[in-house]
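A.B. asks: Pasting a structure here, questions to come.
The values are calculated or read from the model by the stated rules, or taken from the named source; none is laboratory data. On a predicted model such as this, the values are computed, not experimentally measured, just so you know. Methodologically, a virtual Cβ is constructed for each residue, glycine included, from the backbone with ideal geometry; neighbour enumeration extends over all protein chains shown.
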Amino acid sequence: MYLHSEKSQQLLLKLKQFMEENIYPNEKAYAEQLHNATNRFQTLPLMQELKAKAKAAGLWNLFVPEEHAEYCDHGGLSFLDYAPLAEEMGRVVWCPEVFNCNAPDTGNMEVFMNYATKAQQDKWLKPLLNGDIRSSYAMTEPQVASSDATNIQLEIRKEGDEWVLNGRKWFITGAMNEATKIFIVMGKSDPNNPSRHLQQTQVLVPKDTPGVTLIRPLTTLGYDDAPIGHAEIVFDNVRVPLENVLLGEGRGFEIAQGRLGPGRMHHCMRLIGAAQRSLELACVRASTRTTFGRLLSKHQSVREEISKSFSEIEMARLLVQKTCKKIDDEGVEHSIDMIAATKTTIPLLVQNVIDRCMQIHGAGGLTEDYFMAEAFNYARWCRQADGPDQVHQMALGKKIIDRYSA
């Protein structure tokens, strides 16, 4: 195991206590509020109450890295120090928002920290850090294989003192939420540039801009992930000022590469928490359920499943921590190999762990009576989010072959 700082350990203790006192006891109430909401994509009253408590407890914006310490009260955390906190939050799928640590906002806030102008930060980053608004990152498109970011087709062209956007996006996380006010949109501004990596630009589009149409909420394995959700969006002659560009024309691919690496790691951190909680629930189930005259825990097959799951979670945790340490020491750019290894290993591993734990719960494991079905869905879509596994494996495989055959 890697050593975490005293600050990280103290925050983790506070976070665990907050989870015991405020999150787990409210899981049923949260589900009921969401079920009874007239608009499934509105901010629930319970979420607002919990966010206020998290702020008061000093458990706010825990994701903020050390280099941007000015944006948080706790002074910022290294990747390694944030990992156990994100893992703890991952034990309840919806609770990262309580601490302003949910996707896609964490990644978008880091985009604003790293690439935005002072004016853009004042307008969008500050309210995001305060939890007053939400945001979306609009990259994936239905008509092209968006696993290759250079395929993006949404048109961004200059017309006078404006950018004009035309195209369609989908699986845009957070876009359905009523608190979402700003989209970071990636499109193609220079399709004839000989460099495929300089054809893209990212611009800021307020959600209420004329021509922006939310077509529908999308589901993953039947879950709509409300109240955050994933949307299909059409941009029809959407006009925004030229100053809404991020970093500069032709630098969209560069921003995407800088944003998605940390986001992949945050998902993996949270997924380990989901796997760990699933294992704990499976152990409780095995110790209290009887079949064929014996507790489940007495059956060899159940013991083997528990043993395998425990071992895999420990391996996954170590992989995440090793990758985090490399990011802290060498930066994201020099850690692409470990990020790819983590991204292609953890979601599938966690999916399989949760599947075993669901099986131990019988038919009940498939229901909303337990958190595991939703967590399984989360793990499964993480195998597509931020690039499908096959793309990362292809790139990593090439890198490793070149490394050892040189």
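A.B. asks: Does the stretch 170-217 hold any residues that are among the aromatic types (F, W, Y) and either under 22 Å from G258 (Cβ atoms) or modelled with pLDDT under 95 (or both), and which are they? Write out each step before concluding.
C.D. replies: If we filter the stretch 170-217 for residues that are among the aromatic types (F, W, Y), which is where we start, we get 170-171, 183.
F171, F183, listed by residue number.
A.B. asks: Starting from residues that are polar (S, T, N, Q) and within 19 Å of the chain's Cα centre (by Cα), keep the ones in the stretch 348-389 and report whichever is nearest to E333 (Cα to Cα).
C.D. replies: Among those that are polar (S, T, N, Q) and within 19 Å of the chain's Cα centre (by Cα), it is Q384.
A.B. asks: Inside the stretch 128-163, can you point out the residues that are of a type outside the set (A, V, I, L, M), surrounded by fewer than 24 Cβ atoms within 10 Å (Cβ to Cβ) and closer than 26 Å to P241 by Cβ?
C.D. replies: Within the stretch 128-163, the subset of a type outside the set (A, V, I, L, M) is 130-132, 134-137, 140-143, 146-148, 150-151, 153, 155, 157-163.
From what's left, surrounded by fewer than 24 Cβ atoms within 10 Å (Cβ to Cβ): 130-132, 140-143, 146-148, 150-151, 153, 155, 157-162.
Once the filter is applied, which keeps residues that are of a type outside the set (A, V, I, L, M), surrounded by fewer than 24 Cβ atoms within 10 Å (Cβ to Cβ) and closer than 26 Å to P241 by Cβ, the stretch 128-163 yields N130, D132, T140, E141, Q153, E155, R157, K158, E159, G160, D161, E162.
A.B. asks: In the stretch 52-99, which residue that is under 20 Å from the mean Cα position of the chain (by Cα) and charged (D, E, K, R) is modelled with the lowest pLDDT?
C.D. replies: E66
A.B. asks: May I pose another question? Going residue by residue through the stretch 317-331, is there one that turns out to be touching a strand residue (DSSP E or B) at 6+ places or on another chain (Cβ under 7 Å) and among the polar types (S, T, N, Q)?
C.D. replies: Step one: filter the stretch 317-331 for residues touching a strand residue (DSSP E or B) at 6+ places or on another chain (Cβ under 7 Å), giving none.
Scanning the stretch 317-331, I find no residue that is touching a strand residue (DSSP E or B) at 6+ places or on another chain (Cβ under 7 Å) and among the polar types (S, T, N, Q), so the answer is no.
A.B. asks: Which condition breaks for L198 when tested against (1) over 20 Å from the mean Cα position of the chain (by Cα); (2) crowded, with 16+ Cβ neighbours inside 10 Å; (3) closer than 27 Å to P127 by Cα; (4) not polar (S, T, N, Q)?
C.D. replies: Every listed condition holds for L198 apart from (3).
A.B. asks: Just to verify a result, which residue in the stretch 310-326, among those that are closer than 13 Å to P347 by Cα and charged (D, E, K, R), is surrounded by the most Cβ atoms within 10 Å (Cβ to Cβ)?
C.D. replies: It comes out as R317.
A.B. asks: So how many residues does the stretch 362-377 have that are crowded, with 22+ Cβ neighbours inside 10 Å and touching a residue at least 12 places away in the same chain (Cβ under 8 Å)?
C.D. replies: Total meeting the criteria: 3.
A.B. asks: Just wondering, is there one or more residues in the stretch 130-145 that are in a helix (DSSP H, G or I), out of contact with any Asp or Glu (no Cβ under 6 Å at 6 or more places or on another chain) and more than 27 Å from Y30 (Cβ to Cβ)?
C.D. replies: No.
A.B. asks: If the requirement is being touching a Lys or Arg at 6+ places or on another chain (Cβ under 8 Å) and either more than 25 Å from P127 (Cβ to Cβ) or not assigned by TED's automatic domain parsing to the domain that holds M315 (or both), which of these qualifies: N26, N22, N36? Write out each step before concluding.
C.D. replies: Working: N26 fails: touching a Lys or Arg at 6+ places or on another chain (Cβ under 8 Å); N36 fails: touching a Lys or Arg at 6+ places or on another chain (Cβ under 8 Å).
Of N26, N22, N36, the one residue that is touching a Lys or Arg at 6+ places or on another chain (Cβ under 8 Å) and either more than 25 Å from P127 (Cβ to Cβ) or not assigned by TED's automatic domain parsing to the domain that holds M315 (or both) is N22.
A.B. asks: Would you mention how many residues in the stretch 116-129 are part of a helix (DSSP H, G or I), in contact with a Phe, Trp or Tyr (Cβ under 8 Å, 6 or more places away or on another chain) and within 21 Å of T201 (Cβ to Cβ)?
C.D. replies: Selection size over the stretch 116-129: 4.
A.B. asks: Please list, ordered by residue number, the helices (runs of 4 or more DSSP H) wholly in the stretch 1-102 having 2 or more residues that are without any contact (Cβ under 8 Å) to a residue 12 or more places away in the chain and farther than 20 Å from S135 by Cβ.
C.D. replies: In the stretch 1-102, the matching helices (runs of 4 or more DSSP H) lie at 6-18, 27-36, 45-56.
A.B. asks: Just one of (1) assigned to a helix (DSSP H, G or I); (2) surrounded by fewer than 18 Cβ atoms within 10 Å (Cβ to Cβ); (3) not β-branched (V, I, T) trips up N166, so point out which.
C.D. replies: N166 satisfies all of (1) assigned to a helix (DSSP H, G or I); (2) surrounded by fewer than 18 Cβ atoms within 10 Å (Cβ to Cβ); (3) not β-branched (V, I, T) except (1).
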